[in-house]
1. Under the definition of Cα pairs under 8 Å and six or more residues apart, what whole-number percent is the relative contact order of the stretch 39-144?
2. Rolling a 1.4 angstrom probe over the protein chains, ignoring ligands and nucleic acids, what is the accessible area of Arg132 in square angstrom, nearest 10?
3. Measuring from centroid to centroid over Cα atoms, what is the spacing of the stretch 103-144 and the stretch 29-99 in Å?
4. Just the number, please: carbon plus sulfur as a percent of the accessible area of the stretch 35-75, 1.4 Å probe, no ligands or DNA/RNA counted.
5. For the stretch 95-144, what does the accessible surface come to per residue with a 1.4 Å probe? Please give it in Å².
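The values are calculated or read from the model by the stated rules, or taken from the named source; none is laboratory data. Being a predicted model, the structure only gives us computed values, none of them experimental. Just so you know, the surface numbers come from the protein's heavy atoms only, side chains and all, with ligands and any DNA or RNA stripped out. Shrake-Rupley method; radii C 1.70, N 1.55, O 1.52, S 1.80 Å.
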Amino acid sequence: MIKLFKYVLILFSFVLCEDKNSSVFVDGVAAVVGEHVILKSDVAQLVNIAAVQQRLNPAVDMKKLLFLQNEILQSIVDQKIMLEMAAVDSIEVDDKEIERALDQQIEMFVSQSGSEEQAEELLGQTLKSFRREFWYEMKDRLTS
């Protein structure tokens with residue numbers, strides 16, 4: 001157990017790179033757990049999804065969003081720790097199971113957003129792109 005805690009390194013660094021003409025965000029590392037890197041953009045995307053689900057308004061509910069961000073980051077770190085433990089135990093998940101869970105997640109998000117177009121706007125990407133990127137995250141979730 002002590003080895004696991006030594007193996008878990010949580011590194012919070014948020015990188016903001018400024019250009020003279022405009023501010024440009026460079027994706028930063030929110031945390032590192034073993035060999036798993038958690039990007040700030042991944043945390044932000046999950047916060048956006050949760051904010052839509054909870055109907056939070058960023059202009060009004062900033063404190064709630066910051067609290068939600070911390071909760072989500074902690075949840076991801078916990079998941080990555082469990083994923084490390086699952087790898088030790090050789091646990092694997094079937095691709096069809098991942099696809100079913102991903103379909104359910106997307107259907108729920110579209111339903112809560114109101115339409116596919118609104119869901120894509122909130123995600124900042126197409127549902128097809130989201131599916132492709134989120135597939136590995138869903139695999140990790142189911143494995144852990």
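1. Answer for the stretch 39-144 is 36 percent.
2. Answer for Arg132: close to 150 Å² accessible.
3. Distance between centres, Cα-based: 14 Å.
4. 55 percent
5. Computed with neighbouring chains in place, this is 64 Å² per residue.
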